[in-house]
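Visitor: Submitted below is the structure of interest, expressed as structure tokens.
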Amino acid sequence: MQAVSSLPEGNRMFNTIPFLTYVVVANISPGPNAILSLSNASRYPLRKAIRFNLGIAVGVFAVMLLCGIFGLAVLEVFPPIQKILVWVGAAYILWLAFQTLKDEGKEEEAGEKEPGNLFVKGIVLQFVNPNTILYGVTAFTTFILPYYKKPMYLIAFSVFLSWMAFVENGCWTVFGSLFQKIIVRYRRAVNVFLALLLAYCAVSLVI
């Protein structure tokens, strides 16, 4: 054990396959990011809807960097604030569900203001989404920090994790864009379905 810990940083056996598996599954699983990416694609052209995914990437990068820098400290202070964080995140996700449910396809009348806000929404969601925070804490404390602790590594992994979030949630956006006509035709049913999924995400956080 002592011999392993004495190895230079980066020379120990990094669990690449388990790490990549965790990253892929965590990002592609239906959650607030994925559901809203799909929802945006049904309401806006792809070039506008993708702004939400860019916001996700920026938000995830910031959260990942914080998790990397304060990883060990977060594990110590996280339990006391975990319940508050979860309830705040659940409340925000329920609000998003309500907004999705009452959508009647009038967003295009707002011109360029709404698409511009999509970028900000993507960023803000990451800071109130417990899934993103738990994703970062788990990725760093379980897979990264035991092997890499230098700032350049933490930045590099944060970039990688945010890039994966952009790509995989972008897949949901592309899917929604390809089937946009069908989604628009059955907008009410789709909105109810998406709102229920968001509500499920919120409820699953607090039970």
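Visitor: Are any residues in the stretch 131-147 surrounded by 18 or more Cβ atoms within 10 Å (Cβ to Cβ) and in contact with a Gly (Cβ under 6 Å, 6 or more places away or on another chain), and if so, which ones?
Guide: ASN131, PHE140, LEU145
Visitor: While we're on this one: Any chance you could count how many residues in the stretch 31-50 are in a helix (DSSP H, G or I) and either touching an Asp or Glu at 6+ places or on another chain (Cβ under 7 Å) or under 21 Å from ILE133 (Cα atoms) (or both)? Before the answer, list the steps.
Guide: So the first thing to find is which residues in the stretch 31-50 are in a helix (DSSP H, G or I), and the list is 32-43, 46-50.
Still in the running and either touching an Asp or Glu at 6+ places or on another chain (Cβ under 7 Å) or under 21 Å from ILE133 (Cα atoms) (or both): 32-37, 43.
Residues in the stretch 31-50 being in a helix (DSSP H, G or I) and either touching an Asp or Glu at 6+ places or on another chain (Cβ under 7 Å) or under 21 Å from ILE133 (Cα atoms) (or both): 7 in total.
Visitor: Something else: Within 19 Å of ILE93 (Cα to Cα), modelled with pLDDT of 85 or more and surrounded by 14 or more Cβ atoms within 10 Å (Cβ to Cβ), is that true of VAL120? Quick ask: steps written out before the conclusion?
Guide: On the way: within 19 Å of ILE93 (Cα to Cα): yes; modelled with pLDDT of 85 or more: yes; surrounded by 14 or more Cβ atoms within 10 Å (Cβ to Cβ): yes.
So VAL120 passes the test.
Visitor: Assuming ALA62 fulfils every condition listed in (1) outside any helix (DSSP H, G or I); (2) modelled with pLDDT of 75 or more apart from one, which condition is it?
Guide: (1)
Visitor: Please go through (1) modelled with pLDDT of 80 or more; (2) more than 23 Å from VAL192 (Cα to Cα) for ASN129 and return the number of the only condition it doesn't satisfy.
Guide: The number of the failed condition is (2).
Visitor: Within the stretch 19-38, how many residues turn out to be polar (S, T, N, Q) and either at pLDDT 85 or above or over 30 Å from PHE140 (Cα atoms) (or both)?
Guide: Going through the stretch 19-38, the residues polar (S, T, N, Q) turn out to be 21, 27, 29, 33, 37.
Within this subset, residues satisfying the condition of being either at pLDDT 85 or above or over 30 Å from PHE140 (Cα atoms) (or both) are 33, 37.
So the answer is 2.
Visitor: Something else: Which helices (runs of 4 or more DSSP H) does the stretch 128-207 wholly contain that include 3 or more residues that are closer than 27 Å to ARG47 by Cα and touching a helix residue (DSSP H, G or I) at 6+ places or on another chain (Cβ under 7 Å)? Give the steps one after another, and end with the answer.
Guide: Working: elements: 130-138, 151-178, 180-185, 187-206.
Hits in the stretch 128-207: 151-178, 180-185, 187-206.
Visitor: Give the residue that is surrounded by the most Cβ atoms within 10 Å (Cβ to Cβ), with candidates limited to residues of the stretch 149-207 that are closer than 14 Å to SER39 by Cβ and of a type in the set (Ser, Thr, Tyr).
Guide: THR173
Visitor: Scan the stretch 27-50 for residues that are under 14 Å from the mean Cα position of the chain (by Cα) and not hydrophobic (A, V, I, L, M, F, W, C) and report the count.
Guide: Qualifying residue count, the stretch 27-50: 7.
Visitor: Now a separate question. Please indicate, with yes or no, whether at least one residue in the stretch 11-18 is modelled with pLDDT of 75 or more, within 30 Å of ARG188 (Cα to Cα), of a type in the set (S, T, N, Q) and assigned to a helix (DSSP H, G or I). Don't jump to the end; show me each part of the working.
Guide: Step one: of the stretch 11-18, the residues modelled with pLDDT of 75 or more are 15-18.
Going one step further and asking which of them are within 30 Å of ARG188 (Cα to Cα), we end up with none.
So far as the stretch 11-18 goes, no, none of its residues is modelled with pLDDT of 75 or more, within 30 Å of ARG188 (Cα to Cα), of a type in the set (S, T, N, Q) and assigned to a helix (DSSP H, G or I).
The values are calculated or read from the model by the stated rules, or taken from the named source; none is laboratory data. In this text the structure is predicted, and so the values were computed from the model without any measurement. Virtual Cβ from ideal backbone geometry, glycine too; neighbours counted across all protein chains shown.
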